[in-house]
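The values are calculated or read from the model by the stated rules, or taken from the named source; none is laboratory data. Only a predicted model underlies this, so the values are computations on that prediction, with no experimental measurement involved. All Cβ positions, glycine included, derive from the backbone under ideal geometry; neighbour counts span all protein chains shown. The accessibility values were calculated without ligands, DNA or RNA, using every heavy atom of the protein model including side chains. Shrake-Rupley method; radii C 1.70, N 1.55, O 1.52, S 1.80 Å.
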Amino acid sequence: MDEAAWIAASKAGDVQAFNRLVIAYQQVAYELAFRMLRDEAAAADATQDSFLAAFTRLHQFRGGSFKAWLLRIVLNHVYDQLRAQRRHPTEPLDPLGDDEESPVLQIANGGPTPEQVVLSREVLACIEAGLQTLSPDQRAVVILCDVQGMSYEEAVAATGANLGTVKSRLNRGRLALRSYLAQHAELLPASLRHYFEGRETESQTASTLATDG
Amino acid sequence: MGLRFLNRKKETDHDRVREQLSEYLDRRLSPEERAAVELHLSDCQPCSDELRALQATTQLLHSLPSVRLPRSFLLEAAPRPAPLPRAFFWMRTAAAVAATAFVVLIAAPMVMPSGRAPASAPALYQPMKAASDARAGDQATASQATAPAAAARGAEPAAAAQERAAAPASAPAPAAALSAPAATVVAPAAPAAPGAAVGGAPAAEEPRKLTVPARAPSETVAQPARPAAAGPAPTELSNETGGSAPSLLSLLQTASGGLALLMATATAGLWWSHRRRNR
């Protein structure tokens, strides 16, 4: 997989080479669009338009993270859709992800890279709903960094904002989501609930953390 | 007093640390900043709780499963504009060639000194009469008309004219008819023609009749200017534009002009529709 070669060929007009980039990034691009818009049709439109725009504007890509450059185009289209949605509000579809129903939840010890846990449908729905309460700017950064695992710098490239703004949006977005989850802690499974509840359970939190390790 | 100060400081610390929790979690703080945060956290349960909650939140976000793709987003056709169809290029060339030919065919008669007025209509309608009227002059022109080869060669005009005049009318007639245009323009043949023309006048007349009737009268009319005639065949042809039968020149002019117009229109139409389709 030589992304640089594909990009070079795509710049020369090779659609098949560009399609290899599409294959590599369509999941990430569509996910960002869908998590921002919560509407399959709107997200699909934004994604398709973004890939077309990317191919046409490939001469503007001068190196760096192609993924971030592409996602910036996706976000632009997403914002366009959001503005259109604000003018003509439509009922968003139910967020149905490819989740697995599992009551078993494991919280791993927080390390440099948080490990994934298996989430139930209820928790997923809660998180998705919580994301929707964030402002689009905060939501975008939270999705890029926490859902898609991008670095601060990649988020800077994808949003066009400076580093300080990205850090601020990420922190406030996370805190807002944390508040939302705390408000709906009753929906969360027991093993998670105590993370979000008030100080009265802080001792329990500490002990649970110790045993879960 | 002091306690209030301390409380206010702690509040400021709370805010500062709260703002930095994400960076602390992501290990983006400098060693000094991290030490300051950890110092605060060691003495502040609420902030510690906040940190743990934030960590759980990011872990939950990180655990969100992939979203199912509703379809493929592969590009199917080249979004770049399609190239012009090949027909466009040869049509354009044909239009240019035809237009050039048209211009040449129109301009040449005007540019070339032929000594013959274009479309001398009145005389054209009396080919026979004019021929008989100007027999003397006609003989000279007739001999020239019947000396096609002479016109071309310009070396033995008299001999050729005699030869032709002596030969049966049918044979030299078609030849004379075809080359008559060329014959008249040959100035060198003129002086020698009269001599040989006398003998070949009767025979010459027939070919002349067979040729475009307008020939004789136009020749007669332009006789004084004949010595100056030195143009190519088309010059002769231009004299018959007003004739009852279309001359070769006018046919070519019309054909080239029409072809140029047709090709130009088709080229323009092709280019325009191509642009519309690819906008």
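Against the condition free of Cβ contacts under 8 Å to residues at least 24 places away in the same chain and either out of contact with any strand residue (DSSP E or B) (no Cβ under 6 Å at 6 or more places or on another chain) or part of a helix (DSSP H, G or I) (or both), how does A:ALA33 come out, does it pass? For A:ALA33, the condition - free of Cβ contacts under 8 Å to residues at least 24 places away in the same chain and either out of contact with any strand residue (DSSP E or B) (no Cβ under 6 Å at 6 or more places or on another chain) or part of a helix (DSSP H, G or I) (or both) - is not met. If only residues of region A:183-201 that are open to solvent by less than 30 Å² (accessible area, probe 1.4 Å) and part of a helix (DSSP H, G or I) are counted, the one that is modelled with the lowest pLDDT is A:THR201.
Can you tell me which residue is modelled with the lowest pLDDT among those in region A:112-140 that are open to solvent by less than 30 Å² (accessible area, probe 1.4 Å), facing chain B (nearest Cβ under 10 Å) and more than 16 Å from A:ARG193 (Cα to Cα)? Among those residues, the one meeting the criterion is A:GLU128. Of all residues in region B:82-102, those that are touching a residue at least 60 places away in the same chain (Cβ under 8 Å) have Cβ atoms under 9 Å from Cβ atoms of residues that are not in a helix (DSSP H, G or I), 6 or more apart or on another chain, in B:ALA82/B:ASN278.
Listed here are the residues, each with its yes/no results for (1) in a loop (DSSP other than H, G, I, E, B); (2) exposed (fewer than 15 other Cβ atoms within 10 Å of the Cβ); (3) among the aliphatic types (A, V, I, L, M).
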{"site": "B:ARG34", "(1), (2), (3)": "no, no, no"}
{"site": "B:GLU38", "(1), (2), (3)": "no, yes, no"}
{"site": "B:ASP49", "(1), (2), (3)": "no, no, no"}
{"site": "B:ALA56", "(1), (2), (3)": "no, no, yes"}
{"site": "B:SER66", "(1), (2), (3)": "yes, yes, no"}
{"site": "B:LEU69", "(1), (2), (3)": "yes, no, yes"}
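Inside region A:30-83, residues that are charged (D, E, K, R), in contact with a helix residue (DSSP H, G or I) (Cβ under 6 Å, 6 or more places away or on another chain) and crowded, with 21+ Cβ neighbours inside 10 Å make up a count of 1.
When every residue of region A:50-64 is checked against the conditions, at least one turns out to be of a type in the set (S, T, N, Q), within 12 Å of chain B (Cβ to nearest Cβ) and within 24 Å of A:ARG83 (Cβ to Cβ). The residues of region A:1-29 that are surrounded by fewer than 16 Cβ atoms within 10 Å (Cβ to Cβ) and in contact (Cβ under 8 Å) with a residue 60 or more places away in the chain amount to a single one, A:GLU3. The residue list B:ALA96, B:ALA87, B:ALA36, B:ALA77 contains one member that is more than 7 Å from every other protein chain (Cβ to nearest Cβ), at pLDDT 90 or above, under 30 Å from B:ARG276 (Cα atoms) and in contact with a helix residue (DSSP H, G or I) (Cβ under 9 Å, 6 or more places away or on another chain), which is B:ALA96. Pairs meeting the criteria (first residue in region A:138-156 and β-branched (Val, Ile, Thr), second residue not in a helix (DSSP H, G or I), beta carbons under 7 Å, at least 6 apart or on different chains) are A:VAL142/A:LEU134; A:VAL147/B:LEU64; A:VAL156/A:ASN162.
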